[in-house]
Amino acid sequence: MAIRLEDVWLDIDGRAVLRGVTGELMGLNILIGPNGSGKTVLLHAIAGILKPKRGRIDVEGVTSIMFQDPEVHFVAGTVLENAVLWGRDRSDEREIKEIAKELGIADLLNRSPFHLSWGQRKLSALLCALAGKPDVLLLDELPEGLSPRALKTAISAATSTAKTVVMTSHQFLALGWNFHFLADGTLYSGEEALAKAREYEYDKCRCPLFAVEER
Ligand SMILES: Nc1ncnc2c1ncn2[C@@H]1O[C@H](COP(=O)(O)OP(=O)(O)OP(=O)(O)O)[C@@H](O)[C@H]1O
């Protein structure tokens, strides 16, 4: 399962945010880039929420997105009721309860998502995204506000469900993930992405990816 991006151009309010984004995303992917560079816009384009004015996006398989703001996932009622809505015909209540257990939030299922802490809301939003049993999972700033243990559990649940994961983050620069950098409307991957990350001082953050340089 993969995402193919071919010369993708996308304007927001007349401003060119994506300017010829080209690349392939497979397996586990981290998408990094300065504030306002268009990471969320790119995820929304991959999810089909925003339409590029030019170029082509091909996504293989069922796609789910976890929005940066968890509240976008919730309408009313309980966490379970919201997750069932997102699961549609792809998962039933029993399966959703299993995923909640895996995420460590089984005890939140009968509560209102609007009465939860920020981290609990994020995990509940992830539950909604996972309820769709996606092949391709787009995670907008999953790590933000999660404790290390909750993040580990969340990533384990995400990667055991979806074959392709794309996660935006400013902090989570783990080894073993494909690394992509978005700046000036352009997507950089691999070594080029690492060079860009250094240019934008991501090597100043304490993260495994740059650990060798810190020693
Ligand atoms: N609904 C909107 N209306 C107008 N402009 C928008 C809207 N959403 C995003 N933009 C603009 O599009 C550009 C890209 O925004 P985006 O949210 O994709 O950035 P980002 O890389 O995800 O940033 P951050 O790291 O701060 O979350 C920004 O200049 C932003 O102001």
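Any read-out appearing in this document is the output of simple, stated calculations on the displayed coordinates, not a laboratory observation. These figures come from a predicted structure and were not determined experimentally. All Cβ positions, glycine included, derive from the backbone under ideal geometry; neighbour counts span all protein chains shown.
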Protection proxy (average C-beta count within 10 Å per residue), highest first, orders 112-123, 87-98 as 112-123, 87-98
Which of the listed residues, Ala76, Ile3, Gly36, is farthest toward the dipole's positive end in the chain, when Lys, Arg count +1 and Asp, Glu count -1 at the beta-carbon? Ala76
Rounded to the nearest 20 debye, what is the charge dipole size of the range 45-119 about its Cα centre when +1 sits on each Lys and Arg Cβ and -1 on each Asp and Glu Cβ? 440
Using 10 Å bins from zero, what percent of all Cα-Cα pairs in the range 74-181 falls into each bin? 15, 50, 29, 6
Cα centre as origin, Lys/Arg/Asp/Glu Cβ charges: the chain dipole, Debye: 200
How large is the dipole of the range 79-133 about the Cα centre if only Lys and Arg carry +1 and Asp and Glu carry -1, each at its Cβ, rounded to the nearest 20 debye? 180
Hull-based mean projected area of the range 1-47, where the convex hull spans the alpha carbons, in square nanometres: 3.5
Cα pair distances in the range 79-133, grouped into 10 Å bins until the bin that holds the longest one, percent each: 29, 61, 10
Computed log₁₀ I(q)/I(0) - Debye formula, equal Cα scatterers, no solvent, the chain, q 0.07, 0.09, 0.13 Å⁻¹: -0.21, -0.35, -0.73
Long-range share for the range 26-102, i.e. C-alpha pairs more than 20 Å apart as a percent of all pairs, stands at 48
Scoring only Lys, Arg, Asp and Glu (+1, +1, -1, -1) among other residues with Cβ under 14 Å from the Cβ of Ile46 yields -2
Highest to lowest packing among 20-29, 125-134, scored as the average C-beta count within 10 Å: 125-134, 20-29
Per the helix-only model, the chain has a calculated mean residue ellipticity at 222 nm (DSSP H runs of ≥4, -39500 (n - 2.57) each, divided over all residues, rounded to the nearest 500) of -9500 deg cm²/dmol
I need the peptides 157-170, 53-66 ranked by packing, meaning the mean over residues of other C-beta atoms within 10 angstrom, with the highest value on top. 157-170, 53-66
Positive-end residue of Leu138, Gly61, Ser156, charge dipole of the chain with Cβ unit charges: Ser156
